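Trainee: Supplied in structure tokens, the structure appears directly below.
The values are calculated or read from the model by the stated rules, or taken from the named source; none is laboratory data. Not measured: the values here are computed from a predicted model. Neighbour counts are summed over all protein chains in view; Cβ atoms, including those assigned to glycine, are modelled from backbone coordinates with ideal geometry.
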């Protein structure tokens, strides 16, 4: 194992990719509402989102309990080297995000809503990863991950271009935050036994698999209900219709989890792939819908 490979694993490229996708959704909503896209701000914001998400994962690794390995089969020396490298990398990422914020400030685009969103992102990262609070060890880490990968990027991408929030953003933020939380709960199931053995606190281990299963199903239902109710607030339903194409993926996810609950042999690879595909496709279809209309 190289330190670079370990850092890549801690930074969680999948989560970084999800944050980038939801950020582009925020940009798309801004375009849809008639705001001109500032390419420089788009690029700066994207880099900031990626660095913030990487920092969240790196800091979680830095303060992970000693009994919980950073990588399988690590030696004490390898763990120390990776932990130190992760600390330096996370500090560099935070410094870079601070510099990006300064650059945006000098252009006059750091409005109060944008600043509040950035402060929210920083608070979420610190609460998630750093003791003594360290939500990641209290079985509520998925809640903050959903906020950091859905709420913060969508809102940030939109407000960097538009300057202030809009009710349409809340529809997308609300639905995708619920969907992402359901995805994270589903992704907890394959590692449930290992999490118990290492005494890791996840939302699944905290709630128990039966309660977590019910909550997962309610989160999925809530996602599509929010999207279906969007016209009640005056928004065009056709902008949200592409997202309903992913209902078969949602149904498959419910079916797979119910089969596991019933004692069937788990199909973990299919379940992981389906859970990720469900969220990514939903966010992607919404992004396309707003970008090209």
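Trainee: Identify, from the list 273, 261, 236, the residue that is outside the structural domain of residue 13 (by TED's automatic domain parsing) and under 23 Å from residue 18 (Cβ atoms).
Mentor: 273
Trainee: Among helices (runs of 4 or more DSSP H) lying entirely in the range 137-254, which contain 2 or more residues that are crowded, with 20+ Cβ neighbours inside 10 Å?
Mentor: Because the criterion is at least 2 residues that are crowded, with 20+ Cβ neighbours inside 10 Å, the helices (runs of 4 or more DSSP H) in the range 137-254 that meet it are 141-146, 152-162, 167-188, 203-207, 209-228.
Trainee: Next question. Which is modelled with pLDDT of 90 or more, within 18 Å of residue 144 (Cα to Cα) and crowded, with 17+ Cβ neighbours inside 10 Å, of 21, 14?
Mentor: After applying the criteria, what remains is 21.
Trainee: Taking residue 287, is it farther than 22 Å from residue 218 by Cα, in contact (Cβ under 8 Å) with a residue 40 or more places away in the chain and under 22 Å from the mean Cα position of the chain (by Cα)?
Mentor: In short, yes.
Trainee: Here's another thing I want to ask about it. Return the pair list, or none, for Cβ contacts closer than 9 Å from residues in the range 1-20 that are free of Cβ contacts under 8 Å to residues at least 12 places away in the same chain to residues that are exposed (fewer than 15 other Cβ atoms within 10 Å of the Cβ) and in a loop (DSSP other than H, G, I, E, B), at least 6 apart or on different chains.
Mentor: Once the first residue is free of Cβ contacts under 8 Å to residues at least 12 places away in the same chain and sits in the range 1-20, its partners that are exposed (fewer than 15 other Cβ atoms within 10 Å of the Cβ) and in a loop (DSSP other than H, G, I, E, B) give 5/71.
Trainee: Within the range 255-271, restricting attention to residues that are assigned to a helix (DSSP H, G or I) and free of Cβ contacts under 8 Å to residues at least 12 places away in the same chain, which residue is surrounded by the fewest Cβ atoms within 10 Å (Cβ to Cβ)?
Mentor: Result: 269.
Trainee: Looking at the range 97-107, which of the residues that are in contact (Cβ under 8 Å) with a residue 40 or more places away in the chain and over 20 Å from the mean Cα position of the chain (by Cα) is surrounded by the fewest Cβ atoms within 10 Å (Cβ to Cβ)?
Mentor: 107
Trainee: Taking the condition of being surrounded by fewer than 23 Cβ atoms within 10 Å (Cβ to Cβ) and assigned to a helix (DSSP H, G or I), how many residues in the range 127-136 meet it?
Mentor: Of the residues in the range 127-136, 2 are surrounded by fewer than 23 Cβ atoms within 10 Å (Cβ to Cβ) and assigned to a helix (DSSP H, G or I).
Trainee: Out of 220, 232, 225, I need the residue that is in contact (Cβ under 8 Å) with a residue 40 or more places away in the chain and within 28 Å of residue 171 (Cβ to Cβ). Which one?
Mentor: Unique residue meeting the criteria: 220.
Trainee: Check the range 102-115 and report whether any residue there is out of contact with any strand residue (DSSP E or B) (no Cβ under 6 Å at 6 or more places or on another chain) and closer than 19 Å to residue 16 by Cα.
Mentor: There is no residue in the range 102-115 that is out of contact with any strand residue (DSSP E or B) (no Cβ under 6 Å at 6 or more places or on another chain) and closer than 19 Å to residue 16 by Cα.
Trainee: Starting from residues that are assigned to a helix (DSSP H, G or I) and without any contact (Cβ under 8 Å) to a residue 24 or more places away in the chain, keep the ones in the range 108-121 and report whichever is farthest from residue 143 (Cα to Cα).
Mentor: Step by step, filter the range 108-121, then rank; the result is 112.
Trainee: Being in the same structural domain as residue 20 (by TED's automatic domain parsing) and at pLDDT below 95 narrows it down to one residue among 48, 108; which is it?
Mentor: 108
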